[in-house]
1. Determine which member of the set A:Gly408, A:Gly418 is in a helix (DSSP H, G or I) and touching a strand residue (DSSP E or B) at 6+ places or on another chain (Cβ under 9 Å).
2. Among the numbered criteria (1) within 13 Å of chain A (Cβ to nearest Cβ); (2) touching a residue at least 60 places away in the same chain (Cβ under 8 Å), which single criterion is violated by C:Met106?
3. Of (1) away from every other protein chain (no Cβ under 14 Å); (2) under 30 Å from A:Ile120 (Cα atoms); (3) modelled with pLDDT of 90 or more; (4) touching a Leu at 6+ places or on another chain (Cβ under 6 Å), A:Phe226 satisfies all except one. Which?
4. I'd like the full set of residues that are within 10 Å of another protein chain (Cβ to nearest Cβ) and not charged (D, E, K, R), limited to segment C:582-596.
5. Inspect all residues belonging to segment A:141-151 and state whether any of them is in contact with a helix residue (DSSP H, G or I) (Cβ under 8 Å, 6 or more places away or on another chain) and within 14 Å of another protein chain (Cβ to nearest Cβ).
6. Just give me the residues in segment A:409-438 being at pLDDT 85 or above and at the interface with another protein chain (Cβ under 7 Å from one of its Cβ atoms), in sequence order.
7. Name the single residue that is modelled with the lowest pLDDT among those in segment C:442-490 being buried (at least 19 other Cβ atoms within 10 Å of the Cβ) and either more than 30 Å from the chain's Cα centre (by Cα) or of a type in the set (Gly, Ala, Ser) (or both).
8. If you scan segment C:180-220, which residues turn out to be of a type in the set (D, E, K, R), touching a helix residue (DSSP H, G or I) at 6+ places or on another chain (Cβ under 7 Å) and within 11 Å of chain A (Cβ to nearest Cβ)?
Amino acid sequence: MTASVAVQFPLLSLLLWLPVGGTLLCLLFRHSSNLCRWASLLTTVAVLCLSLWMGFISQGGGGWLFYEDAAWIEPFGIRYMLGMDGISLLLVLLTALLQVAAILISWEQKEHPAFFYALILVMETGIIGVFLALDLVLFYLFWELMLIPMFFLIGVWGHENRVYAAVKFFFFTLAGSLCLLLAIISLYLIHGGQTGEYTFALEALRQTVLNPGTEMILYVGFMLAFIVKVPLFPFHTWLPDAHTEAPPAGSVDLAGLLLKTGVYGMIRFAFPLFPGAAERSLPLLAVLSLVGIFYAAWVAYAQTDLKRVVAYSSVAHLGFVILGLAAWNQLAWEGSLLLMINHGITTGALFVMIAMLSDRAGTRELERLGGLWSVFPNLSAFFLLFCLASLGLPGLANFSGEILVLFGTFKAHPLWGGLAVAGVVFSAAYMLRVVQSSLWGETKDFPRRDDLGPREWLILIPLALLVVLLGVYPAPVLDFLREPVSLLLATGGMP
Amino acid sequence: MIVPLEHVLFLSTILFVLGLGCVLARRNLIMILIGVEIMLNAVGLTLVGASAFWQQVDGQIMVIFLMAMTSAEVSISLAMVVYLNRRKGTVDVRAFDEMRG
Amino acid sequence: MNPLLLFMIPFLPLLGGVFNACCGSRLPQRLVAAVAVLSVAGSFLFSLLLWPLGEGDGTRTVLFSWLQSGGFTADAGILFDPLAAIMTLMVTGVATLIHLYAAGYMEHDENQARFFALLNLFVFAMLCIVLADNLLFLFLGWEGVGFCSYGLIGFWYRKTENASAGRKAFIVTRIGDLFFAIALLWLFREFGTILIEQINARAGELDPLLLTVLTLLLLGGACGKSAQLPLMTWLPDAMAGPTPVSALIHAATMVTAGVYLLCRMFPLVSLSATGMAAIALVGVLTALYAASCAVAQREIKRVLAYSTMSQIGYMFLAVGVGSVSGAMFHLLTHAFFKALLFMGAGCVIHLAGDENDIYRMGGLKGKSPQVFWLFLIGILCLAGTPLTGGFFSKDQILLTAFARGDGFSAILWGLGVLTAGLTSFYSFRLLYLVFFGEQRQAEKGHALSPLMLWTLPLLALFGLFGGLLNLPHLFGGHQWLSDWLGQPAGVSLALGAELGLLLLMLIFFGGGWLIAHLRYRNYPGDEQAGWRSFLLAGWQFDRLYEFILVRPYRTVCRFCWQGGERALIDGVMEGIARLCLHWGGYARKLTTGQVAFYLQGFAWGLLLIVGWFLLSAVK
């Protein structure tokens, strides 16, 4: 493996464990909420700066931009193996960005602030770890590490029905993860039995010779974990509940990041490890994602809770992402990954805005909102912008990814592509319903009547700029995706 | 070895069963503790017997270890019994079923 | 001339729009309006200056690559050819006048920043449609105008009906966009490119059946934007927006985008005879339908909305019978006189004290003769009075249809002539009801801002003399527009036939006017007969769609939510959970909390283990 490592310093480890350092600081200063939030903000900003800098110094090219490998648990062949290519880099950047937003949006956290911030930071490590790990055990570890903080964020700081949502979230994802664990161990044993070399390294395991039946079983084990996380119809019902009950920062992380780990797992692990099974499963994946696109759009139209609408819109958008993957060509894959990043920013921003909005209006029920524009013009303008991005207005973020997915899909399978286009009309239907019943109409009575504060401007302006930039000029992002995607499609991602 | 191993084992079995019976049958917490002690001593006896039989010192070391542990255990459990008695005014185990599912 | 300067044409309005959107609300209202007007005017000047670039094959220039991946490229690129050049000039010119008018019309509104930002962005998006060198960039403008018109129709958002009208417009046009998008994807699949020039050049390679399908898909897209059957229901409701918006978006520019798209893709479209027939049929049916609705409308702007729909029907007919120059000619003259009519209607509404109902107006001629004369010019053009711009352009379309000679074209022509008669009738009905007779409105009107009045004469001039753009040889003209578009009119009729047709047109025009004169010269009293309410409601298409589309959609959504999501998926999941709980209940009974019970368990276990060992020892 030729690693084009620009700097010898273990930057990846630094990136990965920085948030844990922040966690320790938080716990250390747990008596002063002010120190805590500054510590966590600085940590997330540091991670963001570091990942931005890494993006700048990394040269393109097909290999790992950064790579680390060290012995860890020798007897079982478990290694501490991290690697970052263009895809991981972009996802880490997205993570770092949204975590800053998540900290800022929960700046006024009243209940147990130290633990709240600590959990968010732990989750950041978990998510970044998932995007970097190349050893299956390490990957699984981070995979589960994401789950636990989220469980507590929903279960402790959530809204009325939080315990139900937290448990539902936990069981869905855990059931998936257990399948993943079983499949990982089976693969390890099969590989060890064949070669005598017991290892969890992704690259080595790719060489395992599997008969089609076994391959399919193991593939399904992997995919169950990822599909639940994405989430693909019909495994999505945990998502709206989790979103509705989670605190704002939790929703941002959930939509913006956690869902992405599922897609990432597919392209980094499930597809390269079991290419034969993956190929056979593509039609099913396409069907599920198409059903998801329509079904989620319809269900979203019937919702009355703002957060649930956006949650279902996530399901629909992720349907597009998976559809693009199922089309299995460069164009569609680049579109899928671009859409994933765009969706992270748009939906993250929408959840941030819903938090601000429901703080002021005192409700998230669409029927009790209305006429927000006359009271909060700035806030409403931003909300409109993000809603438009979400419904796929050209020139804003989601469109650039969606249209590439559609082009790629239509090229490979006209029927899938043609059907998916119809989903766009439905997305307009539910998104405009949201805009209609929240922004327009007679102004209702709201507990607070103040427009955006400085902290809120600070969160929204970068997100809004990114939404526009990614819609108008996504070339930098696509440049980072090009080589890794073609590698993934050709050789399963190995340089 | 003056006493044959069989006798030691037989005695310790009897002791163990007696202790077990005491633990199972009694309702009084203190009596249950005493039953536990008897069972522990039965085990100790087995260890000493085995040690003598195979002329190995390990068994006796184990017994000394066991005695130290037992005394610690007894002091803790008696303290807990006193506490439980204070809480409910009884040492009847049937009163303490808060852990029922 | 640097071709990159072409980008100034769309970017000036964009800049103005973004500027007003970001900091307009903190600036004095006059400055906001000035920025908006100047940016569009600048764009108009640039399109005048750069006019030579459009000659011949035109100029293609690329600013940057918008999307590029896996063999797919979409640039932010401009194709400035004769068609685009003439359209750009019209859009920016009319938009400048309408912006000026709007500065007067919206004088007293508090939200001018939002208004002008959206108006400027609209012009930007429209220019994207006009100038784009590839279909995706065109699509950006296509959806962009959709959004801006959404925002502007619902501009007075406090009334829910306005916001709903905006939403209806957005969603209905998006249904059309769906077809356009599929055509776009399909073209890329076939050609591996989305450049308009290349697609047109290589269209001949396609299978005829596929060509027909693609043409029908493009027609679907065009129908949505241009409010043609069956996607026309949004346009009358769109009149909820401020009047300058109606003038700019729903008369002069956006609704003509569909016609423009078909003209743009004409080399491809024209290869499919079935497709062309479908375009012509849709056009002429819409023209007739809309004219019949306009006959019974009560609100001044709705009359104009239906007349717009009807006139665009003519343009579709023109494309369908193969005359791009005819379509563009009518598009240009229509843009001038319809903008004039709408802005005139804005003046009328102001004069009548914000009254919309023409049955409650009347006698406005005395109140403001200037508005009357300007409005009269607009009406004359619309009705197709001989020698006005509208007459020549409409005549060219009908001539072309007639000249084709086959039975189908003859039917198209017949319906077109009939519609012309209806048009004349409802135009004069409008004129008589509004300006003649007694004053019937209760409210006192308010004074007109000079900006509103002084932008109209220019449009009136263009409307009246728009015919000179493409004056037929019969009248000593040179058909300049047809030559410029590189489409010399292929119509050749005998002089006698041509004169006969003109006479027929004259008879229908005169008949329409005469009936209107007899019935409406003196106010006939409020009329609300049964057939009128049917036409008033646009043949009840709204009701029909509500019944066969909207309600079933809502039902499906509710069913998915209650039946699919709640009952089925969550039901199954929670069922599994309950099953586990149920069986767990049995296991729970084992946990009695009694130490003795547990110890018994230990003992039995011990016995079992010992027994097991003993048994194995025996064996």
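The values are calculated or read from the model by the stated rules, or taken from the named source; none is laboratory data. A quick note: this is a predicted structure, and the numbers were derived from the prediction, not measured. Glycine also receives a Cβ, built like all others from the backbone with ideal geometry; neighbour counts cover every protein chain displayed.
1. Values: A:Gly418 fails: touching a strand residue (DSSP E or B) at 6+ places or on another chain (Cβ under 9 Å).
The unique qualifying residue is A:Gly408.
2. The failed condition is (1).
3. (4)
4. C:Gly584, C:Gly585, C:Ala587, C:Leu590, C:Thr591, C:Thr592, C:Gly593, C:Gln594, C:Val595, C:Ala596
5. no
6. A:Phe410, A:Lys411, A:Pro414, A:Gly417, A:Gly418, A:Val421, A:Ala422, A:Ala428, A:Ala429, A:Leu432, A:Gln436
7. Checked segment C:442-490; the qualifying residue modelled with the lowest pLDDT is C:Ala489.
8. Here is the first cut: in segment C:180-220, the residues of a type in the set (D, E, K, R) are C:189-190, C:197, C:202, C:205, C:207.
Keeping just the survivors that are touching a helix residue (DSSP H, G or I) at 6+ places or on another chain (Cβ under 7 Å) gives C:189, C:202.
The one that is of a type in the set (D, E, K, R), touching a helix residue (DSSP H, G or I) at 6+ places or on another chain (Cβ under 7 Å) and within 11 Å of chain A (Cβ to nearest Cβ): C:Arg189.
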